[in-house]
Amino acid sequence: MNKQTYIILFTLLIVFSVSSQSRQTFTINNGWKFYKGDLETSKNANSEMLPELNDANWESVNIPHTWNNIDVTDDTPGYYRGVGWYKKTVFMEAEQNPKTKTLIYFEGVNQVADVYVNGQWAGQHKGGYTRFHFDITSFLKYDQQNVLAVKVDNSHDVDIPPLSADFTFFGGIYRDVFLIKLNAVHFSMNDYSSSGIYINTPEVSKEEAKVEMEYVLNNDTNQNKTVAIVNRVVDKQGETVLTTNKKVKLGKNQKNKAIKDVFEIKNPKLWSPDNPYLYSVISQIKDAETGDVLDESMEPLGLRWFKFDPEKGFFLNGEYLKLIGTNRHQDYLKKGNALLDEMHVRDMRLLKDMGGNFLRISHYPQDPTVLEMCDRLGILTSIEIPIVNAITESEAFTENALFMAEEMVKQNYNHPSLIIWAYMNEVLLRLPFDQKTEKKRYEVYAKNITTLASEIETKIRDLDSNRYTMIVNHGAISRYKDAGVTSVPMILGWNLYQGWYSGNLSSFDKNLDELHKLFPKQSLIVTEYGADVHPRLHSLEPERFDYTVEYGNIYHEHYLEAIQSRPFIVGANIWNLNDFYSEARGYAQPRTNLKGITTLEREKKDTWWLYKTVLSKTPVIKLGQNQWKIRGGVAEAGKNFCVQPVTVYSNGDLVELRHNDKVYNAKVINNIARFSIPFVNGKNRIVAKMTVNSKEYIDVLDVDFRLAPNMFSEFEDEFYELNVLLGTKRIYEDKVKDQVWIPEQEYVKGSWGYVGGQAFRPKTRFGSLPSSDLDIIDSEDDPIYQTQRVGIRKFKLDVPDGKYVVSLGWAELESDKEHEKLVYNLGNDKVSETVSDRVFNVVLNGNFIEKNLNLAEAYGSEKAISKKYEIVVLNGEGLVLDFIAVRGKPVLNTFQVRKIQ
Ligand code: GCB
Ligand code: CA
């Protein structure tokens, strides 16, 4: 044997000897069978029944898995909420050490899980967002195949939070599943499936850090045992900083014995977002006689101290730090909530890369990877249990909520990035009764909420006195104050949407100042703010609820400035890091909440770049609307270009912009340089440049501009096509069909446009909305059908002679179908209108192309209809569409024309 082989053998020996003594943890994610539906099984099932289940028709799946990733996105309302079964066989080798324990450990199953091993029931866990395990040792058969089966139920349960929410309760085993093998003496996992090790750093300064450790031990043998707890703190380089050694006596079968240890670290390296320095604590249980390692664990240790001041803000290690970041939902395109660890890692990097130093882990504890990454990257966090919108006034609900709170605290205890425990989100939003008619009932309910809040608050503070607590409310401030909810937690979180759901942007500023006056002794965090943005929708005249990139930008520019200029706003979390699925939502992209600053696929929206520019300490230059590659607009009168705004995000002073060899300069104001650029038909190259410390930074964007004729006779390029949206100011970029839809205009001679009618604007209690909120059936491009011109008389184009294909698009937007009202809309829902009886004729250049068209009757409402008509235009007659009412008012949603010859 040569030297190398020796080394390999030697290393293998070490690996084996360690793993045979200490714990083993490994996933069993692959090779599961899944059945959507229930089986005739009860907890007392015939013990052999499950292994023999005929699973021939079961689907093969891997974990992470959810059964709702697709049905939540389809056109049919609702998604499957019920039972699903998972099953897997595992061969268990006989253990050399007969006392070895085997646990099955789940990182998250939504929402009730019953676990069976070889047909025997091992236990049940309630709640979809916390970790749990069962000791399955006594159910296993060695040197044989064993059948693991999990019944999962995501049905609505009045006693399990969350009851309702603006996100999807995806069912399934959607996070990793592990088997854990332990020696009989080990760090207990029986304390709410925590690691059995708790680290406190109650006093930290630049000179010294006091570290308090608590270990929870189990002795599952019938003998008294003496063990040594050996503790080693290592720094980032792996150098040992300190060791402790403690002898402990464990009684036979003693469970959850708590041992304490205290030590100091001199001149500690501090943890902060700029330098997230982590020590590690390696703790071992050793047999006092043999010295064998019985169990082993490694926990992160970050040394920092922090303070919230209601007036001055947040201080970390004695220094002021404005907390700015996002919320996050665990959704991804077509995957629902079933994400691999790498995808959680990616999201945390996305937040860090943006310059964020703060994450609200909303509205529920997430995969362990999230907090691990926050520790490593330096992102401060709050975490919460999912009591959202409402509570149930039952003992069982209270019990479950308290249980979840304890799981959350114990399972996430050692993360230095975590500074806030939270537990209620907008609980006075969705009252389970009518507040106006049931005043007395409301008083009782409000009191019960405050009682529950106090119970959870007490529990959390008992478990951890070194962090802060928080309750998150919506904008109806007095409700929470009057109910007494606001006096329970240490910090108040506010979800504010002025300028989106209600009011105008400046009422946000007023709200902040008012909140500070009302709660001078509590620190305030803007826990949510945001506006829905569909990255393909644009407008040169943006307005509230139009879903355009441009309105989202205006909203965030305003909010960011208001937040930054108020020190008493200690922190803010954008709603949301990413778009996420919400089944009841229609609007621009059905079933999706579009308030993410990235999409479901993590495509970065403008707002992500805005924050990156503002928050970065290094030079950033980025062209705004950088995902908008196919643009369009009408030529200026007598010109062959169309002037449109271009924004550049920059943290420099000046930006130079080069467009097709012309150069423009603009000052950077509030991190934005604004330009007006004459786009020409076809290719437009835009290069933005800034100089910082005599170094140049550039960003380049290629835009394919589709110039639409103003006067057909003056149009220099050959006329090819025109795609027009009616009843709107919105522009829609269709990347699949490689085309752009531009807004309507009124007809003038020589040009093109509509005659007569008005834009369809659904009425709400506060005014009207720029588009319908219906999910359009049979279309992937809902926004183009969600607006229309009502009462249109003509659509005319003075096109040159030739052969054309004209396409007309409709969707009947007056619908009598029942739709769930979104509570988040705060009354912004459209006021229900009577459905009019609508029948009309359409005449193209004198010929009837539609007679007695009744969209609702022929196709059903809310449905996308598109129809093409060929026509030859001769003798300069142009194209003339006449809409003639038979009953009610004619409508048109989209108009397209393409020249064939
Ligand atoms: C809120 C909720 C959040 C919603 C958000 C919205 O206040 O806390 O769950 O998703 O508003 O987008 O309406
Ligand atoms: Ca995981």
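Return yes or no: is TYR332 within 17 Å of the chain's Cα centre (by Cα), within 16 Å of ligand 1 (Cβ to nearest atom) and in the same structural domain as ARG467 (by TED's automatic domain parsing)? So TYR332 does not fit the description; no. I'd like to know if the range 160-170 contains one or more residues that are touching a Gly at 6+ places or on another chain (Cβ under 7 Å), within 16 Å of ligand 2 (Cβ to nearest atom) and assigned by TED's automatic domain parsing to the domain that holds GLY37. Yes.
GLY128: open to solvent by less than 10 Å² (accessible area, probe 1.4 Å) and away from ligand 1 (no atom under 16 Å from the Cβ), yes or no?
Spelling it out, it is not the case that GLY128 is open to solvent by less than 10 Å² (accessible area, probe 1.4 Å) and away from ligand 1 (no atom under 16 Å from the Cβ).
Only one of the listed residues (THR450, THR469) is of a type in the set (S, T, N, Q), assigned to a strand (DSSP E or B) and open to solvent by less than 30 Å² (accessible area, probe 1.4 Å). That residue is THR469. In a residue-by-residue description of the range 565-576, the property of being touching a helix residue (DSSP H, G or I) at 6+ places or on another chain (Cβ under 9 Å), within 30 Å of VAL72 (Cβ to Cβ) and small (Gly, Ala, Ser) applies to at least one position. Would you check which residues across the range 878-901 are over 30 Å from ASP775 (Cα atoms) and either under 39 Å from the mean Cα position of the chain (by Cα) or surrounded by 13 or more Cβ atoms within 10 Å (Cβ to Cβ) (or both) and list them? Scanning the range 878-901 gives GLY878, LEU879, VAL880, LYS899.
Quick one: is LYS322 surrounded by fewer than 18 Cβ atoms within 10 Å (Cβ to Cβ), away from ligand 1 (no atom under 16 Å from the Cβ) and touching a residue at least 12 places away in the same chain (Cβ under 8 Å)? Yes. Residues in the range 544-573 that are open to solvent by 10 Å² or more (accessible area, probe 1.4 Å) and of a type in the set (Ser, Thr, Tyr): TYR551, SER565.
All conditions in (1) open to solvent by less than 10 Å² (accessible area, probe 1.4 Å); (2) away from ligand 2 (no atom under 16 Å from the Cβ); (3) in contact with a helix residue (DSSP H, G or I) (Cβ under 9 Å, 6 or more places away or on another chain) hold for MET348, with the sole exception of (2).
In the range 367-424, the residue that is nearest to GLU455 (Cα to Cα) out of those that are of a type in the set (S, T, N, Q) and open to solvent by 10 Å² or more (accessible area, probe 1.4 Å) is THR398. Within the range 761-786, which residues are open to solvent by 20 Å² or more (accessible area, probe 1.4 Å), part of a strand (DSSP E or B) and not aliphatic (A, V, I, L, M)? Of everything in the range 761-786, those that are open to solvent by 20 Å² or more (accessible area, probe 1.4 Å), part of a strand (DSSP E or B) and not aliphatic (A, V, I, L, M) turn out to be LYS763, GLY767, SER768. Just one residue in the set PHE263, PHE315 is aromatic (Phe, Trp, Tyr), out of contact with any helix residue (DSSP H, G or I) (no Cβ under 8 Å at 6 or more places or on another chain) and without any contact (Cβ under 8 Å) to a residue 24 or more places away in the chain; that residue is PHE315. Just one of the listed residues (GLY123, GLY78) is of a type in the set (Gly, Ala, Ser) and surrounded by 14 or more Cβ atoms within 10 Å (Cβ to Cβ), and it is GLY123. From the list ARG585, ARG631, ARG566, the one residue that fits, being over 23 Å from ARG346 (Cα atoms) and in a strand (DSSP E or B), is ARG631.
Of the set (1) more than 31 Å from the chain's Cα centre (by Cα); (2) in contact (Cβ under 8 Å) with a residue 24 or more places away in the chain, all apply to THR290 but (2). If you go through the range 234-255 and pick out every residue that is outside any strand (DSSP E or B) and either surrounded by 12 or more Cβ atoms within 10 Å (Cβ to Cβ) or of a type in the set (A, V, I, L, M, F, W, C) (or both), you end up with 4.
Name every residue in the range 34-67 that is open to solvent by 30 Å² or more (accessible area, probe 1.4 Å), of a type in the set (Ser, Thr, Tyr) and at pLDDT 65 or above, in order of residue number. TYR35, SER60, listed by residue number.
Taking the residues in the range 114-125 that are on the phi > 0 side of the Ramachandran plot and touching a strand residue (DSSP E or B) at 6+ places or on another chain (Cβ under 6 Å) as candidates, determine which candidate is farthest from ligand 1 (Cβ to nearest atom).
Our first condition is that a residue be on the phi > 0 side of the Ramachandran plot; within the range 114-125, this holds for 118-119, 123.
Right, trim to touching a strand residue (DSSP E or B) at 6+ places or on another chain (Cβ under 6 Å) and you get 118, 123.
Working: ASN118: 41, GLY123: 31 Å.
Within the range 114-125, the match that is farthest from ligand 1 (Cβ to nearest atom) is ASN118.
In the condition set (1) within 15 Å of ligand 1 (Cβ to nearest atom); (2) in contact with a Lys or Arg (Cβ under 6 Å, 6 or more places away or on another chain), GLU384 is compliant with all but (2).
With respect to (1) surrounded by fewer than 18 Cβ atoms within 10 Å (Cβ to Cβ); (2) outside the structural domain of LEU39 (by TED's automatic domain parsing); (3) farther than 24 Å from GLU406 by Cβ, the lone exception for ASN190 is condition (3). Of all the criteria given as (1) away from ligand 1 (no atom under 16 Å from the Cβ); (2) assigned to a loop (DSSP other than H, G, I, E, B); (3) open to solvent by less than 20 Å² (accessible area, probe 1.4 Å), the one not satisfied by TYR364 is (1). Scanning the range 492-503 for any residue that is open to solvent by 10 Å² or more (accessible area, probe 1.4 Å), modelled with pLDDT of 95 or more and under 30 Å from GLY767 (Cα atoms) turns up at least one such residue.
Scan the range 178-188 for residues that are under 8 Å from VAL216 (Cα atoms) and not aromatic (Phe, Trp, Tyr) and jot them down. Reasoning before the result, please.
Keep residues of the range 178-188 that are under 8 Å from VAL216 (Cα atoms), which gives 187-188.
Of everything in the range 178-188, just one residue is under 8 Å from VAL216 (Cα atoms) and not aromatic (Phe, Trp, Tyr), namely SER188.
If a residue has to be outside any loop (DSSP other than H, G, I, E, B) and either touching a helix residue (DSSP H, G or I) at 6+ places or on another chain (Cβ under 6 Å) or farther than 19 Å from ASP837 by Cβ (or both) to count, how many in the range 787-815 make the cut? Result for the range 787-815: 13.
Counting just the residues of the range 104-113 that are surrounded by 20 or more Cβ atoms within 10 Å (Cβ to Cβ) and touching a strand residue (DSSP E or B) at 6+ places or on another chain (Cβ under 6 Å), which one comes out nearest to THR221 (Cα to Cα)? Full working, then the answer.
Initial filter on the range 104-113 (surrounded by 20 or more Cβ atoms within 10 Å (Cβ to Cβ)): 104, 106-111, 113.
In the following step, the residues that additionally are touching a strand residue (DSSP E or B) at 6+ places or on another chain (Cβ under 6 Å) were identified as 104, 106, 109, 113.
Values: ILE104: 20, PHE106: 25, VAL109: 31, ALA113: 29 Å.
Filtering the range 104-113 for residues that are surrounded by 20 or more Cβ atoms within 10 Å (Cβ to Cβ) and touching a strand residue (DSSP E or B) at 6+ places or on another chain (Cβ under 6 Å), the one nearest to THR221 (Cα to Cα) comes out as ILE104.
For LEU463, are the conditions met, namely being under 22 Å from the mean Cα position of the chain (by Cα) and away from ligand 2 (no atom under 16 Å from the Cβ)? Taking the combined requirement at face value, the residue does not satisfy it.
The values are calculated or read from the model by the stated rules, or taken from the named source; none is laboratory data. Since the structure is predicted, the reported quantities are computational estimates derived from the model, not experimental observations. Positions of Cβ are generated from backbone atoms using ideal geometry, with glycine treated the same way; all protein chains shown enter the neighbour counts. Heads up: the accessible areas ignore ligands, DNA and RNA and are worked out on the full protein's heavy atoms, side chains in. Shrake-Rupley method; radii C 1.70, N 1.55, O 1.52, S 1.80 Å.
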